[in-house]
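This report concerns only the one structure given below.
The values are calculated or read from the model by the stated rules, or taken from the named source; none is laboratory data. Keep in mind the model is a prediction, meaning the values are calculated, not measured. Cβ placement follows ideal geometry from the backbone for every residue including glycine, while neighbour counts extend to all protein chains displayed. Heads up: the accessible areas ignore ligands, DNA and RNA and are worked out on the full protein's heavy atoms, side chains in. Shrake-Rupley method; radii C 1.70, N 1.55, O 1.52, S 1.80 Å.
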Amino acid sequence: MVARDPVRRCRHPQDHRAWGTTIPRPVRVLRLDHRCRRTPHGGGTMSKILAFGASGPIAGLVLPELARRGAHVRAFVRRPDQRDPALAHGASEVAVGDLADASSVADALTGMHAVFYIAPVDLPDQAAIGQRLVAQAVHAGVTRFVFSSVIHPVLSLPNHAAKAPVEQAMINSGLEFAILHPGVLYQNFAAAWREITERRILAEPWSNETRHSRVDYRDVAEVAAIALTEDRLINGTFELCAEAKLNRREIAAMLADVTGHEVEARRIDPATLGPRANALRPMFEHYDRHGLHGNALTLRAILGREPRGLRAYFEDLANGRC
């Protein structure tokens, strides 16, 4: 991340890729790759799981948790070159397809007991595609659907409001469901790590003073795996946040302590981001005034331990452990 391209530094707190990035979305013919890193075993009635986003640095964290529980995971990826990352994350097999192509999704759902779904950041018509996926899961005989949504989908903000119709479709589907509402992800700092360590700047397009509830997606991944392989979270909606609600100045001070050098907390003026950021202006304005707040009680209760802290995540980043 460099100062020359502020739009690429401007990231939605829920997403793991830079805003302003456009990835072509050709429709692909689905192919199944049955190369296995292990012999699938056990896992109970939810043992065959279709996982979306399986090759990525966020949803890919769910696969190791499922593998530890003995689940057989079919990873759904968009490009053939994403097969190996998905297998490395713990997939037993890989389906190459496109969420926008209903036939490839239908093929991938064949024989699956459960679905883990997270919408790609660049997915157009996100609400409609998510609703269709729920209907396809019902038609395919899937029993359980776990959706990694976003905290406060009732907000009329980019990447929030598009989740609510998918949640409604799940609730009305007759499927066993679990809806996850993670706060702002610690993992967003990974993409900015070079700027933090080399330029010594932590910058986002909203106030330095507003506070956000954050969470390590490794904890969310553990909750997702529990929801997919156990029964105790069936038909629940779960706000998932760690305890601290820090502003950017406090986070910069924490980073300075971990890295051993000063880090400047800086607000990017949204007016400097250009037309590609226009759709995100309501989000920036909301965060400028209100931040994004949640509660740690639910995550602590599900995990039976304290959620991972932000300082520990920074220490992991600094030592190459994530």
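General remarks:
- One chain, two ends: Ala301 and Arg276. Fully extended at 0.36 nm per residue, the span grows by 5.0 nm beyond their Cα-Cα distance.
- Distance between modelled label sites at Ala128 and Asn247, nm, 7 Å Cα→Cβ extension: 4.2 nm
- Applying both filters, DSSP loop and at most 16 other Cβ atoms within 10 Å, to the trypsin sites (Lys or Arg not before Pro) of segment 244-322 gives Arg305, Arg321.
- Cα gyration tensor shape for segment 56-197, rounded if a/c is under 1.5, else prolate or oblate: oblate
- Dividing the summed -39500 (n - 2.57) terms of all DSSP H runs of n ≥ 4 by the residue count of the chain sets its mean residue ellipticity at 222 nm at -9000 deg cm²/dmol.
- Cα gyration tensor category, rounded, prolate or oblate, for segment 59-113 with a/c compared to 1.5: oblate
- Three-way shape label, segment 212-322, alpha-carbon gyration tensor, a/c 1.5: oblate
- Considering only GluC sites (Glu not before Pro) in DSSP loops that have at most 14 other Cβ atoms within 10 Å, the longest stretch of the chain without any of them is 1-208.
- Full extension of the segment from Gln168 to Asp107, taken as 0.36 nm per residue of separation minus the current Cα-Cα distance, would add 19.5 nm.
- Solvent-accessible area per residue in segment 267-309 equals 53 Å², computed with a 1.4 angstrom probe and all protein chains kept.
- Max mean-square fluctuation residue, GNM over the chain, Cα-Cα springs under 10 Å, options Asp288, Asp216, Asp81: Asp81
- GNM top mover of Ala190, Ala271, Ala252 - the chain, alpha-carbon springs below 10 Å: Ala271
- Reported value for the chain: 125 Å³ per residue, from the convex hull of its C-alpha atoms.
- Taking Ala91, Ala253, Ala119 as the candidate residues, the one with maximal mean-square fluctuation in a Gaussian network model of the chain, Cα springs under 10 Å, is Ala253.
- Surface composition of segment 60-154: carbon plus sulfur atoms contribute 55% of the solvent-accessible area (1.4 Å probe, protein chains only, all chains present).
- Equivalent ellipsoid semi-axes, segment 133-213, via Cα gyration tensor eigenvalues times 5, rooted, Å: 35, 15, 9
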